[in-house]
Structures are given as structure tokens and as C-alpha cells.
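Chemist: Starting off with a structure, shown below.
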Amino acid sequence: MKKLSIKEIANRLTLIGCGLLVLGFATSCSVDDVKPQGKLDEETAFSKPEKLVTAAYAMLGNDWYSYPFNLWPYGDMSADDCLKGGSGENDTGYHPMEIFSTLQPDRGEFDELWYRLYLAISRCNRALEGLNAVTETPAITQYKAEVRFLRAHFYYKLQQMWYEVPFITEGMDNATVESTPQSSHDAIMQHIIDDFQFAYQHLADIEPDEAGELHSGRAHKVAAAAYLAKCYLNWAYGDGYEPTTGYDHVDQQKIQKVLEYTQVVKNSNYGYLDTYGHIFLQDYANSKESIFAVQHSNKSDDGTTFGRANWSNMLNGVWGEVEINGRMQKIWTCGWDFHKPSQNLVNAFKTRNGLPMDDFDADHNAIVEAGATLAYKYDPRLFHTVGMPGYPYKYEKQYTLNTTNSRTPGTYGYYCSMKEIPQRSKGEFYDNPWQAFGQNDYVLRYTDVMLMRAEALIESGDWNGEALQIINDIRTRAKKDISATSLIEYAQDQCDIDTYPAFASKDDARKALRWERRLELAMEGHRFFDLRRWGLLSSTLNAYFASEKNDEYNGQTYAQYYKDAFFTSNKNEYFPIANNQMNYVQGLYHQNRGY
């Protein structure tokens with residue numbers, strides 16, 4: 001009798017099966033007559049529903065570079081913040097996602113991400129079934145709220161990627177699941193909000209511990225409020241497709257909901273960290289900036305056999321070696337050099353009299369060189385975001401980057417990403433031939449939520465009051481880096497940043513808000529989705545493709561493949577549903593527009 005591995009079984013499962021999965025951890029099983037080993041049986045599951053809650057939480061970090069739940073390939077690479085990186089255009093299947101002109105539903109990455117997100121939702125539904133089967137108590141209600149928060153979190157990612165998706169909930173039988181079509185855009189957004197609203201009403205507040213940390217690994221009331229604000233803000237502008245999205249479509253009732261829920265966050269114990277760079281250091285992983293984050297660790301730190309490594313960012317470590325004490329030493333055991341910041345992003349940090357430059361890309365190939373007298377000054381957040389030759393990698397001078405730290409510079413240039421990767425001195429998790437890190441993944445951080453609030457205030461008509469104050473408070477924090485005692489003291493002479501005077505108009509306030517979100521949140525997976533909300537994807541990305549194909553770094557040309565790139569409005573705002581998923585349901589779903 002042939003035995004199938006759990007991976008083979010999983011590959012044969014349809015979305016329908018995914019909606020009904022229990023906790024399948026078996027390494028192998030006969031599909032005919034052998035009970036799977038290592039599978040949580042129903043009697044045990046429903047007698048200990050808290051175990052199912054734990055299993056649902058475990059899915060937060062159960063991702064991989066080909067299906068990263070932080071969506072970096074789509075939020076950053078599909079926008080103007082970064083190039084794919086790696087050994088070339090065929091390294092992984094992500095290349096079509098950055099040029100769009102060759103994008104089709106055949107990408108395995110789409111299939112994997114869809115499947116894994118529904119697997120996570122299945123665990124949530126299974127946990128809710130277990131919780132519904134026991135006597136209601138305050139503790140059980142709390143558990144239900146946590147699980148509905150998690151389910152909404154995973155559904156939000158599905159909706160952001162694929163527009164209209166099936167909403168599978170607890171208690172569905174086979175026949176119901178098998179006939180579940182995609183929910184409309186408005187319906188799926190309402191489903192997600194209903195889950196977050198239940199969580200908000202029933203979750204407990206999280207107070208600082210004795211060390212002053214706000215542990216954000218479990219769902220809590222403020223996190224639910226922040227997520228509600230995020231949902232309402234994106235929904236307020238329309239459905240995401242450019243003809244029906246943007247500033248001309250803003251729903252003021254939803255904007256008021258953003259203000260209501262961001263006020264909850266503002267009144268909480270969360271807040272701005274004093275130093276911008278600390279946000280991305282492991283020593284501050286659960287600071288007051290971190291409202292909700294996926295918790296990761298190295299095995300050397302947590303005492304476990306394998307640790308809880310961050311595999312979503314495993315490709316993004318720096319390539320190559322640096323010289324330390326006269327010897328060449330790898331920065332990372334296997335840095336694969338993905339997630340490469342674009343020249344356009346570097347240029348966006350240019351300042352004139354301390355403020356962003358409207359013509360930031362006019363001298364497109366201007367290079368930032370350590371110790372040189374530069375033609376431009378830069379927002380100091382550049383040196384926390386982009387690794388550049390001649391500068392220390394994440395503040396550690398013994399790991400100063402050089403031009404050999406790029407794997408394929410003729411294709412992807414010489415910049416590298418820093419925020420999502422720990423300092424080299426903090427170590428790594430290495431499992432030949434892969435590498436992972438113990439760095440947390442932010443889902444919601446305080447500054448992001450305050451920028452949501454500023455955006456809502458501007459759209460409600462208050463652009464020179466609190467909105468201006470929020471933007472300037474964030475810039476004032478960044479300005480602290482221009483000192484001899486900052487993390488980037490080696491770049492202080494190359495930085496200039498100032499606060500905004502009163503905005504002359506609503507359009508000026510909108511422009512400043514857009515700049516601030518890009519600079520503050522660069523390479524954190526937001527950019528594509530922000531541009532979509534504002535209805536600016538096609539105009540921004542097609543201009544980016546036209547300029548980025550002319551990249552040059554000290555005589556080395558790169559990014560030439562952008563000559564084939566083009567973003568099509570009313571199509572590319574969402575990604576195509578994978579062919580496999582369409583085939584499994586035999587006509588039940590409709591494909592997204594244009595694919």
C-alpha cells in the first residue's frame with residue numbers, strides 16, 4: 001500500500017479540504033486504514049480547546065519565503081520601494097510580480113500563499129468549534145475573541161491580495177463549504193470588521209510589565225482597535241480598483257471610524273519610541289511601539305531545539321564578506337541578497353531645507369558616499385532603512401559594507417535591506433542550506449497607526465491641527481539622529497530634516513502625508529497597498545519603471561529589465577487567483593479582472 005507524505009497529501013488538497021482541516025502534523029500516513037500519527041484527535045481537541053487556540057496562534061509564523069505572511073514581495077517589490085534581488089530574474093517565481101506585464105495566474109507563490117492562509121483560517125475555525133462546544137465563561141469568551149482576531153488577520157491578508165475571497169467560518173459542513181462562493185468586496189470587508197469588532201468588545205487591555213514592555217504576542221483590545229482603523233481606512237477610499245478608488249471616493253462615515261479607533265490607540269499605553277533605529281533592534285522587540293507583532297526567536301536565545309525562526313525574511317540577508325581584523329568573513333552564513341532597495345527609494349529620502357524634494361529623482365543616479373561632501377542632504381531614516389557600500393551594516397562598524405556585498409549588481413544594484421534583519425552581532429539561525437533570523441515581524445506599530453490617524457484627519461478637513469502635529473512629531477523623532485551620540489553618528493553630516501510649516505491646502509497636506517508614510521514605513525510591506533488606497537498605482541509605478549530602468553552605480557548599469565514593465569489600471573491593483581485554486585472549484589469562483 002502506497003503511503004503519502006503529509007506534504008504530498010497537502011498538495012492534493014483543495015481549498016474545500018483546507019476549510020475543514022484539523023491539525024495535521026503527521027509525517028506520513030496511509031490514506032486508507034491507518035490512523036494518522038501526531039494528529040490531534042477530536043475528543044482531545046474539544047476537551048482542551050485552549051490547545052486549539054495555541055495552534056491557531058502558531059500559524060502566525062508558519063510561513064516561508066515562497067509564502068511570506070508579511071507580504072514583502074507584494075507590498076515592497078510590487079511597488080517602487082525595492083527590486084527582487086537574488087541570483088537573477090529566474091531566482092524564485094516573483095519576477096512577474098515586479099514588472100506586471102508578464103503576470104499570470106500560474107505562479108506557484110500565489111497557490112502556496114492562498115493555501116497557507118486558508119490553513120491558518122482552518123485552525124481558527126477549528127478552535128472556535130472547540131470553544132463553542134464548552135460552557136461559556138469569561139476565559140472562553142476571551143479565547144473566542146483572540147481567535148476571531150486571528151481569523152480576521154488572515155482574512156485581511158487574503159482580501160488585500162485577491163479582492164474577493166470565500167469566507168469560510170466555523171460550523172460549516174462539507175456541503176456548505178463546497179458551495180461557498182467568493183464574498184463581494186464589501187461583504188468580505190464587513191466579515192473581517194465583524195470579527196475584529198467582536199475581538200475589540202471582548203479582549204482585555206494589555207498593560208506594561210515590570211520592565212515596561214508591552215508584550216504584543218497575543219491579541220488584545222488596542223490591537224483590535226488598530227486593526228479596525230486599518231480596515232476602515234482602506235475601505236473608505238473605495239474597492240481598490242482605480243476607476244472606483246481614491247480621493248474622489250472617500251467615505252466620510254468610514255473616516256470617522258478611523259478617527260474613533262485610532263483615538264483608542266492614542267489613549268493607550270503604546271507610544272513612540274524615542275529613537276527611530278531602536279524600532280528595528282531585537283533589544284526593543286516588544287517596546288511600546290509594537291502594538292502587535294509576530295514573535296520570533298533564535299534557538300540559542302529561547303533554549304528550544306529549533307527556535308521560532310523568522311523564515312519569511314530568510315532570503316533577505318546580505319551577500320558576501322567583509323574584512324574584519326585583516327580577514328575576510330561572511331556577514332551571514334548564507335545571505336541570499338533579496339529585497340533590494342531601489343534607487344528611487346534612496347532618492348525619496350533627499351531633502352531641501354530639511355523637507356522632501358518634489359524633484360527628488362531629477363539627479364536619478366546620485367550616490368550616497370560615506371565621508372564625502374554630498375550634493376544633497378538626506379532624511380536620516382535612509383541610514384536605518386538602506387544598507388549602502390561604505391556604511392556600517394545596521395550600525396556595527398566592523399561590518400561595513402562594500403560593493404562585493406551584492407550578489408548580482410548588474411541586475412539588482414548595490415543596496416540592501418536592513419530593517420527586517422537583525423544586527424550581525426545578534427546571530428542567526430542556520431539550517432544548511434537555509435538561514436533565518438529571530439527578528440519579530442511587525443503587524444501593527446504605533447507610528448503606522450498615528451499616520452493612519454493623520455490621514456483620516458486630513459480627509460475629515462483638519463489638516464493644520466492634529467494631523468500636522470502627528471507628522472511633525474514623527475519627523476522630530478527622526479531629527480534626533482543628527483547628533484554625535486545617535487546610532488548613525490557616522491552619517492550625521494549627510495542628514496538634514498525639519499518639520500513642516502502650516503499646510504497651504506488639503507492637497508499639500510495629503511502630499512506630506514504620503515511622503516511621511518513612505519519614508520517612515522519604507523521596506524515594511526506597506527507601499528503597494530498605500531498607493532492602491534490613494535488610486536495612484538498606475539501613475540506612480542509606470543513613472544518608476546521609466547526611470548528605474550536607467551539605474552547606474554559608479555558606471556555599473558542595472559535594473560534594465562524594467563524596460564519590459566507596465567502596470568495596467570483596472571487589472572493589476574489585485575493579483576490573480578492561482579490556476580490551481582480556480583481548477584479545484586470548477587467554475588465556482590471568478591478570476592480577478594483582466595487575468
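The values are calculated or read from the model by the stated rules, or taken from the named source; none is laboratory data. Given the structure is predicted, the values throughout are model-derived calculations rather than measurements. Note that we place each Cβ from the backbone using ideal geometry, even for glycine, and neighbour counts take in every protein chain shown. Side chains are part of the model used for accessible areas, which takes the heavy atoms of the whole protein and leaves out ligands, DNA and RNA. Shrake-Rupley method; radii C 1.70, N 1.55, O 1.52, S 1.80 Å.
Chemist: Residue under question is LYS254, and the condition is that it be open to solvent by 10 Å² or more (accessible area, probe 1.4 Å) and either in a helix (DSSP H, G or I) or modelled with pLDDT of 95 or more (or both); does it hold?
Modeler: Details: open to solvent by 10 Å² or more (accessible area, probe 1.4 Å): yes; either in a helix (DSSP H, G or I) or modelled with pLDDT of 95 or more (or both): yes.
Yes, satisfied.
Chemist: While we're here: When you scan the stretch 489-514, how many residues do you find that are small (Gly, Ala, Ser) and either in contact with a Lys or Arg (Cβ under 7 Å, 6 or more places away or on another chain) or surrounded by 15 or more Cβ atoms within 10 Å (Cβ to Cβ) (or both)?
Modeler: Summing the residues that are small (Gly, Ala, Ser) and either in contact with a Lys or Arg (Cβ under 7 Å, 6 or more places away or on another chain) or surrounded by 15 or more Cβ atoms within 10 Å (Cβ to Cβ) (or both) in the stretch 489-514 gives 3.
Chemist: Please verify whether the stretch 282-298 includes one or more residues that are open to solvent by 30 Å² or more (accessible area, probe 1.4 Å), farther than 21 Å from LEU513 by Cα and either among the hydroxyl-bearing types (Ser, Thr, Tyr) or without any contact (Cβ under 8 Å) to a residue 40 or more places away in the chain (or both). It would help to see each step written out before you state the result.
Modeler: Filtering the stretch 282-298 down to residues open to solvent by 30 Å² or more (accessible area, probe 1.4 Å) leaves 282-284, 288, 295.
Then keep just the ones that are farther than 21 Å from LEU513 by Cα; that gives 282-284, 288, 295.
Still in the running and either among the hydroxyl-bearing types (Ser, Thr, Tyr) or without any contact (Cβ under 8 Å) to a residue 40 or more places away in the chain (or both): 283-284.
The answer is yes; a qualifying residue exists.
Yes or no, residue by residue, for (1) within 19 Å of the chain's Cα centre (by Cα); (2) polar (S, T, N, Q); (3) crowded, with 18+ Cβ neighbours inside 10 Å:
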| residue | (1), (2), (3) |
| --- | --- |
| GLU516 | yes, no, yes |
| LEU536 | no, no, no |
| ALA543 | no, no, no |
| LYS549 | no, no, no |
| TYR553 | no, no, yes |
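Chemist: While we're on this one: If a residue counts only when it is within 23 Å of TYR156 (Cα to Cα) and of a type outside the set (Lys, Arg), which strands (runs of 3 or more DSSP E) contained entirely in the stretch 420-471 have at least 3 such residues? Show your work before the answer.
Modeler: On the way: elements: 429-431, 434-436, 441-445.
By residue number, 441-445.
Chemist: Separate question: Please give the number of the condition ALA219 fails out of (1) among the hydrophobic types (A, V, I, L, M, F, W, C); (2) more than 22 Å from PHE528 (Cβ to Cβ); (3) open to solvent by less than 20 Å² (accessible area, probe 1.4 Å); (4) assigned to a helix (DSSP H, G or I).
Modeler: (4)
Chemist: When the residues of the stretch 424-447 are filtered to those that are farther than 16 Å from VAL294 by Cα and either open to solvent by less than 30 Å² (accessible area, probe 1.4 Å) or of a type in the set (Lys, Arg) (or both), which remaining residue is modelled with the highest pLDDT?
Modeler: Kept after step one, since they are farther than 16 Å from VAL294 by Cα, are these residues of the stretch 424-447: 424-435, 447.
Within this subset, residues satisfying the condition of being either open to solvent by less than 30 Å² (accessible area, probe 1.4 Å) or of a type in the set (Lys, Arg) (or both) are 424, 426-427, 429, 435, 447.
Working: ARG424: 90, LYS426: 84, GLY427: 76, PHE429: 79, GLN435: 85, THR447: 98.
Ranking the candidates gives THR447 first.
Chemist: Show the residue pairs meeting these rules: Cβ distance below 6 Å; 6+ apart or different chains; first residue within the stretch 169-185 and in contact (Cβ under 8 Å) with a residue 24 or more places away in the chain and crowded, with 16+ Cβ neighbours inside 10 Å; second residue small (Gly, Ala, Ser) and not in a strand (DSSP E or B).
Modeler: Every condition considered, the pairs that remain are VAL177/GLY19.
Chemist: State which residue is farthest from LEU531 (Cα to Cα) when the search covers only the stretch 570-595 and only residues that are among the small types (Gly, Ala, Ser) and open to solvent by 50 Å² or more (accessible area, probe 1.4 Å).
Modeler: Applying the first criterion (among the small types (Gly, Ala, Ser)) to the stretch 570-595 yields 578, 587, 594.
From what is left, the residues that are open to solvent by 50 Å² or more (accessible area, probe 1.4 Å) are 587, 594.
Details: GLY587: 32, GLY594: 20 Å.
Once the filter is applied, the top-ranked residue is GLY587.
Chemist: Let me ask something additional. For the stretch 173-188, give me the residue count where each residue is more than 25 Å from LEU228 (Cα to Cα) and either under 24 Å from the mean Cα position of the chain (by Cα) or aliphatic (A, V, I, L, M) (or both).
Modeler: The number of residues fulfilling the criteria is 2.
Chemist: Which is modelled with pLDDT of 95 or more and either buried (at least 21 other Cβ atoms within 10 Å of the Cβ) or among the aromatic types (Phe, Trp, Tyr) (or both), of LEU382, LEU355?
Modeler: LEU382
Chemist: Among the residues of the stretch 105-113, is any open to solvent by less than 10 Å² (accessible area, probe 1.4 Å) and either of a type in the set (Phe, Trp, Tyr) or touching a Lys or Arg at 6+ places or on another chain (Cβ under 6 Å) (or both)?
Modeler: Yes, some residue in the stretch 105-113 is open to solvent by less than 10 Å² (accessible area, probe 1.4 Å) and either of a type in the set (Phe, Trp, Tyr) or touching a Lys or Arg at 6+ places or on another chain (Cβ under 6 Å) (or both).
Chemist: Restricting to the stretch 555-568, name every residue that is open to solvent by 50 Å² or more (accessible area, probe 1.4 Å) and part of a loop (DSSP other than H, G, I, E, B).
Modeler: GLY555, PHE566, THR568
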